[in-house]
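Read through the structure below, which is laid out as structure tokens, and then see the notes.
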Amino acid sequence: MTSSGLAPRREGDAALRLLRDGELTVEGRLVDASNTTLRGILTLDGATARCVYKPVRGERPLWDFPDGTLAGREVAAYLVSVASGWDLVPPTVLRSGPFGPGSCQLWIDEPPDAEPLVAFVPADALPPRWIPIAAARDDDGTPYALAHADDPRLARLAILDAVINNADRKGGHVLVGPDDRIHGVDHGVSFHVEGKLRTVLWGWAGRPLPDDAVETLDRLAHQVTGPLGDELAEHLTRGEITELAARIDRLRTECCFPQPSPDWPAVPWPPV
């Protein structure tokens, strides 16, 4: 078994067991990450898979998030994704590893020919069914647009980000798996009690939510006061769970994609 060979609905139990109980061997470090991010191999009963292991001790202190909490937020994002039924976040657990406890997430192999869904594109050559969200110029002054595909899979990810208050949705955190599924990764700076939504997926801002999204939010609202809330309490504070419920209720009431806040940078840097 590999990370690319798990079927969408069957991957849960098998992947979680491998992530939790598999022997974890570190292969190397992803040097572009701001916190210690390691790629590893998991082995258990003849099954193997790659993973991303982020030890708590490698988390860089942040002024607005409590120290040592980012790994738990990664797991919380996975739990909300599962509860939504959209399965946008790869299976993620909290476990011990060679460098102590940390988050461990199934590695997603993008096919070499996978087309990016978020990119800087020439301003006069926007791909069909893409939405520009910001203007830019290169070093020579050539105009570009930061844009993303008008793709319903991405729209679901934008809604999930609004729910979990994701402060760092870069284009590089959107992966397309070999089965053409979209995966969102890197959710360590999510679930803050203050509004911190920062994303490259602003193309639907202010538009009505799809009907299926409203139904999903209704389901999440019910679950966050029950079993989901109990699971999240292992990783988030009571106040963070309360604010999660409040964000869900606001989205249900307004029934539209959120607008950027003037009090917080709308787009992360670098965007892609």
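The values are calculated or read from the model by the stated rules, or taken from the named source; none is laboratory data. The structure displayed is predicted, hence computed values, not measured ones. Note that we place each Cβ from the backbone using ideal geometry, even for glycine, and neighbour counts take in every protein chain shown. The accessibility values were calculated without ligands, DNA or RNA, using every heavy atom of the protein model including side chains. Shrake-Rupley method; radii C 1.70, N 1.55, O 1.52, S 1.80 Å.
Of all residues in the stretch 149-180, those satisfying the criterion of being open to solvent by 20 Å² or more (accessible area, probe 1.4 Å) and assigned to a loop (DSSP other than H, G, I, E, B) are 150, 151, 168, 170, 178, 179, 180. Just one of the listed residues (93, 89, 80) is part of a helix (DSSP H, G or I) and open to solvent by less than 20 Å² (accessible area, probe 1.4 Å), and it is 80.
Of the numbered criteria (1) of a type in the set (A, V, I, L, M); (2) outside any loop (DSSP other than H, G, I, E, B); (3) in contact (Cβ under 8 Å) with a residue 60 or more places away in the chain, the one residue 217 fails is (3). Against the test of being open to solvent by 50 Å² or more (accessible area, probe 1.4 Å), in contact (Cβ under 8 Å) with a residue 12 or more places away in the chain and within 23 Å of residue 180 (Cβ to Cβ), the options 116, 101, 122 yield a single qualifying residue, 116. Only one entry in 249, 263 is over 17 Å from the mean Cα position of the chain (by Cα), acidic (Asp, Glu) and modelled with pLDDT under 95, namely 263.
A quick yes/no check of all residues on (1) in contact (Cβ under 8 Å) with a residue 24 or more places away in the chain; (2) exposed (fewer than 15 other Cβ atoms within 10 Å of the Cβ); (3) assigned to a loop (DSSP other than H, G, I, E, B):
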position	(1), (2), (3)
229	no, no, no
240	yes, no, no
243	yes, no, no
252	yes, no, no
267	yes, no, yes
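Of the residues making up the stretch 45-77, just one is under 15 Å from residue 233 (Cα atoms) and either assigned to a loop (DSSP other than H, G, I, E, B) or without any contact (Cβ under 8 Å) to a residue 60 or more places away in the chain (or both), namely 69. Being of a type in the set (A, V, I, L, M, F, W, C), open to solvent by less than 10 Å² (accessible area, probe 1.4 Å) and under 13 Å from residue 156 (Cα atoms) is a property that does not hold for residue 209. Of the residues making up the stretch 164-173, one or more are at pLDDT 95 or above, within 24 Å of residue 93 (Cβ to Cβ) and among the basic types (Lys, Arg). When each of 29, 95 is tested for being in contact with a Lys or Arg (Cβ under 8 Å, 6 or more places away or on another chain), at pLDDT 95 or above and either assigned by the TED database to the domain that holds residue 248 or among the acidic types (Asp, Glu) (or both), the lone residue that passes is 95. Have a look at 227, 265 and point out the one that is within 30 Å of residue 107 (Cβ to Cβ) and not assigned by the TED database to the domain that holds residue 72. Residue meeting the stated conditions: 265. Can you tell me how many residues in the stretch 102-137 are among the hydrophobic types (A, V, I, L, M, F, W, C), at pLDDT 90 or above, out of contact with any Cys (no Cβ under 7 Å at 6 or more places or on another chain) and part of a loop (DSSP other than H, G, I, E, B)? Looking only at that region, the number is 5. Is it the case, given these coordinates, that residue 146 is assigned to a strand (DSSP E or B) and either modelled with pLDDT of 95 or more or touching a Lys or Arg at 6+ places or on another chain (Cβ under 7 Å) (or both)? Yes; evaluated as a whole, the condition is true for this residue. Restricting attention to the stretch 181-206, the residues that are part of a loop (DSSP other than H, G, I, E, B), over 28 Å from residue 66 (Cα atoms) and either open to solvent by less than 30 Å² (accessible area, probe 1.4 Å) or of a type in the set (A, V, I, L, M, F, W, C) (or both) total 3.
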